[in-house]
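For reference, the structure is listed below as structure tokens.
The values are calculated or read from the model by the stated rules, or taken from the named source; none is laboratory data. Keep in mind the model is a prediction, meaning the values are calculated, not measured. No Cβ is skipped: glycine too gets one built from the backbone with ideal geometry, and neighbour counts run over all protein chains shown.
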Amino acid sequence: SDEEHTFETADAGSSATYPMQCSALRKNGFVVIKSRPCKIVDMSTSKTGKHGHAKVHLVAIDIFTGKKLEDLSPSTHNMEVPVVKRNEYQLLDIDDGFLSLMNMDGDTKDDVKAPEGELGDSLQTAFDEGKDLMVTIISAMGEEAAISFKEAARTD
Amino acid sequence: STNFEKHFQENVDECTLEQLRDILVNKSGKTVLANRFRALFNLKTVAEEFATKPEEAKKAIEYIAESFVNDKSELLKHEVAYVLGQTKNLDAAPTLRHVMLDQNQEPMVRHEAAEALGALGDKDSLDDLNKAAKEDPHVAVRETCELAINRINWTHGGAKDKENLQQSLYSSIDPAPPLPLEKDATIPELQALLNDPKQPLFQRYRAMFRLRDIGTDEAILALATGFSAESSLFKHEIAYVFGQIGSPAAVPSLIEVLGRKEEAPMVRHEAAEALGAIASPEVVDVLKSYLNDEVDVVRESCIVALDMYDYENSNELEYAPTAN
């Protein structure tokens with residue numbers, strides 16, 4: 001059946017999203033609304049009628065754009081939950097609007113855009129000061145972004 | 001709608017218990033049926049809170065039960081009995097026992113009162129249930145009593161605590177629990193039990209609710225075979241669980257059942273309300289086509305079902321009464 005199929009792909013860990021009963025979602029968890037990966041910031045459930053199912057109102061923030069999105073769904077329906085991964089990389093360079101990154105295994109990665117706004121400014125400043133920086137990259141549904149950075153722990 | 005109208009939109013959070021009662025009993029004489037149903041379900045949420053707000057819950061039970069006295073709508077009274085059974089509030093039991101045994105109440109209302117006593121798990125009602133199980137002239141009432149007695153015995157006899165049941169997606173208290181997971185029954189096995197007239201009705205219901213909880217298209221097709229059964233009560237419950245599952249896969253069989261000229265009103269009524277709960281686009285024209293049905297409970301169910309369709313497809317969070 002469909003259900004078994006989706007479970008298999010979710011277990012394989014390669015899928016960008018997996019289904020979850022709307023009523024099982026939680027505040028601060030993730031959900032897909034209007035094809036965007038979001039973090040749930042508020043959730044309210046209606047009282048139930050004759051057939052014993054409720055509606056769930058979700059308020060969520062797009063994890064990449066910060067835009068607020070809302071959804072109203074029957075509690076018994078499945079919603080998609082994005083697989084969200086966080087990885088830390090050492091910052092090697094900021095070049096032409098892209099970050100040059102390296103992971104713990106020494107593999108490099110040059111396809112993540114340098115963040116804009118305040119985060120971008122403070123990252124650039126810290127990098128220009130010659131600090132050794134670790135950048136956290138969040139990834140979901142084929143999209144990636146730098147969301148924070150910190151000074152690398154000194155080993156000496 | 002104008003701002004003036006909007007100002008007078010009643011919201012459940014702003015409605016007092018007395019306002020909800022007045023909407024439910026149609027005190028103004030102008031309240032539309034759909035809104036009376038909405039008020040009923042909002043009173044239910046108060047009646048359930050007997051542990052934290054005993055006085056208000058008691059009042060809510062009294063107000064809900066007022067409709068039994070003189071109301072002309074069999075559908076509304078049956079829904080009132082259903083709601084009382086869902087409150088878990090044993091204050092509702094004496095009224096329900098009275099209604100179940102009152103031959104001036106319609107069979108559908110007596111049936112629902114019996115089911116409600118089973119839902120409450122009220123041991124003190126066993127004598128009256130046994131009496132009605134033998135003496136009620138209507139088979140649907142007698143069958144319901146049999147189920148209710150079984151459910152009460154299952155609840156209090158120790159079986160409930162031993163069994164491993166799948167947690168239901170729905171907040172309803174059902175006439176029978178699903179078959180326990182340790183039975184590990186396949187869909188064909190469940191379908192065979194569902195349709196076996198030699199099995200006790202309670203067991204067939206347990207197969208029904210297990211299939212509901214499986215909820216796949218295959219399970220829905222298995223459940224739909226139950227519409228060929230002889231028992232009206234049994235068929236009406238199939239329609240009810242279809243309304244719970246909410247899947248468009250159940251729509252064709254529900255449309256067929258609603259259209260059966262010789263079918264019992266309680267079955268056609270439940271099919272109509274299930275279509276409203278599924279609320280897929282194709283149900284609107286079907287439900288509208290029965291708004292002049294000669295059977296009262298079918299016609300009224302279509303009104304309520306179309307309102308449920310509106311609610312399900314609206315941006316309203318709550319199924320709360322409105323001003324119109």
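Check the range A:127-140 and report whether any residue there is assigned to a helix (DSSP H, G or I) and without any contact (Cβ under 8 Å) to a residue 40 or more places away in the chain. For the range A:127-140, residues assigned to a helix (DSSP H, G or I) and without any contact (Cβ under 8 Å) to a residue 40 or more places away in the chain: present. Among all residues of the range A:135-148, there is at least one that is surrounded by fewer than 16 Cβ atoms within 10 Å (Cβ to Cβ) and of a type in the set (A, V, I, L, M, F, W, C). When residues in the range B:127-142 are screened for being part of a helix (DSSP H, G or I) and in contact with a Pro (Cβ under 8 Å, 6 or more places away or on another chain), 2 of them pass. For the structure I just gave you, tell me whether residue B:239 is touching a Ser or Thr at 6+ places or on another chain (Cβ under 6 Å) and crowded, with 24+ Cβ neighbours inside 10 Å. Taking the combined requirement at face value, the residue does not satisfy it. Residue count for the range A:59-73 under the criterion of being part of a strand (DSSP E or B) and surrounded by fewer than 20 Cβ atoms within 10 Å (Cβ to Cβ): the result is 9. Filtering B:238, B:220, B:214 for residues that are within 27 Å of residue B:86 (Cα to Cα) and either under 15 Å from the mean Cα position of the chain (by Cα) or modelled with pLDDT under 95 (or both) leaves a single hit, B:238. Close contacts from the range A:29-58, counting a first residue that is at the interface with another protein chain (Cβ under 9 Å from one of its Cβ atoms) and buried (at least 19 other Cβ atoms within 10 Å of the Cβ) and a second that is among the β-branched types (Val, Ile, Thr) and not in a loop (DSSP other than H, G, I, E, B), with Cβ to Cβ under 6 Å and a gap of 6+ residues or different chains, come to A:54/A:45; A:56/A:45.
Report whether or not residue B:104 is modelled with pLDDT of 95 or more, farther than 16 Å from residue B:171 by Cα and out of contact with any helix residue (DSSP H, G or I) (no Cβ under 9 Å at 6 or more places or on another chain). Spelling it out, residue B:104 is indeed modelled with pLDDT of 95 or more, farther than 16 Å from residue B:171 by Cα and out of contact with any helix residue (DSSP H, G or I) (no Cβ under 9 Å at 6 or more places or on another chain).
Rundown of residues vs (1) touching a Lys or Arg at 6+ places or on another chain (Cβ under 9 Å); (2) aliphatic (A, V, I, L, M), yes/no style:
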site	(1), (2)
B:108	yes, yes
B:113	yes, yes
B:126	no, yes
B:137	no, no
B:168	yes, no
B:172	yes, no
B:181	yes, yes
B:188	no, no
B:194	yes, yes
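When B:221, B:201, B:211 are checked against the criterion of being surrounded by fewer than 16 Cβ atoms within 10 Å (Cβ to Cβ) and not charged (D, E, K, R), a single residue qualifies: B:221.
Being in contact with a strand residue (DSSP E or B) (Cβ under 6 Å, 6 or more places away or on another chain), within 14 Å of another protein chain (Cβ to nearest Cβ) and not in a loop (DSSP other than H, G, I, E, B) is a property that does not hold for residue A:93. Taking the residues in the range A:60-73 that are of a type in the set (A, V, I, L, M) and farther than 30 Å from residue B:86 by Cβ as candidates, determine which candidate is nearest to the other protein chains (Cβ to nearest Cβ). The residue in question is A:69. Of all the listed residues (B:276, B:246), the sole one being under 27 Å from residue B:213 (Cβ atoms), crowded, with 21+ Cβ neighbours inside 10 Å, touching a strand residue (DSSP E or B) at 6+ places or on another chain (Cβ under 9 Å) and not charged (D, E, K, R) is B:246. Taking the numbered list (1) acidic (Asp, Glu); (2) away from chain A (no Cβ under 11 Å); (3) crowded, with 19+ Cβ neighbours inside 10 Å in turn, residue B:174 passes all entries but (2).
If you go through the range A:75-90 and keep only what is in contact with a strand residue (DSSP E or B) (Cβ under 6 Å, 6 or more places away or on another chain), more than 30 Å from residue A:135 (Cβ to Cβ) and not small (Gly, Ala, Ser), you end up with A:78, A:79.
Looking at B:316, B:294, just one residue is surrounded by fewer than 22 Cβ atoms within 10 Å (Cβ to Cβ), of a type in the set (Asp, Glu), at pLDDT below 95 and in a loop (DSSP other than H, G, I, E, B), and that residue is B:316.
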